[in-house]
1. May I ask you to list pairs of residues, at least six apart or on different chains, whose Cβ atoms are under 8 Å apart, with the first in region 27-41 being under 13 Å from residue 84 (Cβ atoms) and the second being at pLDDT below 90?
2. Restricting attention to region 62-79, and to residues there that are out of contact with any strand residue (DSSP E or B) (no Cβ under 6 Å at 6 or more places or on another chain) and farther than 16 Å from residue 33 by Cβ, which single residue is surrounded by the most Cβ atoms within 10 Å (Cβ to Cβ)?
3. Taking the condition surrounded by fewer than 16 Cβ atoms within 10 Å (Cβ to Cβ) and closer than 18 Å to residue 223 by Cα, does residue 179 pass?
4. Give me the residue from region 94-153 that is hydroxyl-bearing (Ser, Thr, Tyr) and modelled with pLDDT of 95 or more and, out of that set, farthest from the chain's Cα centre (by Cα).
5. Out of 65, 27, 37, I need the residue that is modelled with pLDDT of 95 or more and assigned to a loop (DSSP other than H, G, I, E, B). Which one?
6. Which members of region 245-271 meet the condition of being in a helix (DSSP H, G or I) and among the small types (Gly, Ala, Ser)?
7. Restricting attention to region 176-187, does a residue exist that is of a type outside the set (Asp, Glu) and in a helix (DSSP H, G or I)?
8. Checking residue 208 against (1) β-branched (Val, Ile, Thr); (2) in contact with a Phe, Trp or Tyr (Cβ under 9 Å, 6 or more places away or on another chain); (3) crowded, with 24+ Cβ neighbours inside 10 Å, only one condition comes out false. Which one?
Amino acid sequence: MRTVGKAAVVVSALATAVALAPAAQAGAAPAFVAYHGVTSSQQTANFDKLRAQGYHPITMNVSEGPRYAAVWQKGSSPGWLMYQGMSGSGLQSRFDAALKKGYQPISISGTGPGSDAVFAAVFEKKSGKFFARHGLDDSQFAAANRKAAADGYVLSSVDVYGTAGDRRYVAVWTLNDGGSWYFSYGKSASAHKAEFAKRVKAGYRPTTVSVGPDGTYAAAWRKDGLKSWAHYIGMTGSGYQKRFDQLNAKGLYPAQVNAENGVYTAIWVTD
């Protein structure tokens with residue numbers, strides 16, 4: 001995917017807890033619907049139903065199967081597009097067509113080997129500069145992040161796909177509206193936890209996290225001042241559902257969910 005200028009993301013009984021910040025009061029979160037582990041046909045049915053009910057997607061993930069997870073929020077939206085089951089060339093075609101109509105990607109996900117990957121994406125009608133890439137290896141992903149930071153952009157969506165021996169990244173960078181940020185990639189679960197402890201101590205939080213086919217994690221860390229949030233890794237589908245129920249009762253909703261090989265990671269926030 002090429003650079004873009006102006007344009008008109010239910011282990012065991014318990015998941016591994018990486019962090020849980022103070023929760024907001026119940027009922028503070030916006031009306032939303034979230035699901036995971038659905039088939040392509042179920043995803044299509046959910047799309048039709050939720051669109052008709054006035055919801056719009058804020059994040060989407062595709063994992064092996066393919067299986068889909070997404071979060072939809074109710075309320076006004078400037079316009080959006082949602083696609084599933086795309087090849088790499090199909091993603092590029094959808095991307096080019098969406099760009100011409102004033103849309104830009106807010107969530108892109110991929111699964112499977114680089115030469116035969118399946119992609120899913122959410123586009124939103126919005127202004128502002130951004131750029132996006134897919135098919136990046138480790139060194140290319142790192143270089144893209146360094147250049148993005150130097151040029152005033154921030155990593156806003158990332159997913160890791162490919163194989164255990166050949167990690168690939170699909171990502172979106174948008175103009176940074178202020179504050180420093182960091183990126184990490186290729187981190188084992190324990191290394192991601194260590195990164196988490198280091199960044200949170202310095203006032204940062206994870207804003208987008210992805211688990212790869214080899215079980216490693218990639219993430220963006222930002223100092224945005226949000227006080228109430230949660231982040232968990234290493235969950236099964238049922239573990240994710242359990243955390244979802246617990247956090248929903250405390251007024252938090254999932255802003256991002258990501259999965260690969262049955263392992264889930266997610267970020268919850270308050271409105």
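The values are calculated or read from the model by the stated rules, or taken from the named source; none is laboratory data. Owing to the predicted nature of the structure, the values given are computational and were not obtained by experimental measurement. Counting neighbours? That spans all protein chains shown, and the Cβs are built from the backbone with ideal geometry, glycine included.
1. No pair meets every condition.
2. Of region 62-79, the ones out of contact with any strand residue (DSSP E or B) (no Cβ under 6 Å at 6 or more places or on another chain) are 65, 75-76.
When the remaining residues are screened for being farther than 16 Å from residue 33 by Cβ, the result is 65, 76.
Values: 65: 14, 76: 6.
It comes out as 65.
3. Judged against the criteria, residue 179 is a match.
4. 139
5. Values: 27 fails: modelled with pLDDT of 95 or more; 37 fails: assigned to a loop (DSSP other than H, G, I, E, B).
Just one listed residue meets the conditions, 65.
6. Of region 245-271, the ones in a helix (DSSP H, G or I) are 245-248.
Hits for region 245-271: nothing passes.
7. As a first pass, look at region 176-187 and keep what is of a type outside the set (Asp, Glu): 176, 178-187.
Now restrict to residues that are in a helix (DSSP H, G or I): none.
Checked region 176-187: no residue is of a type outside the set (Asp, Glu) and in a helix (DSSP H, G or I).
8. So residue 208 meets the others, but not (2).
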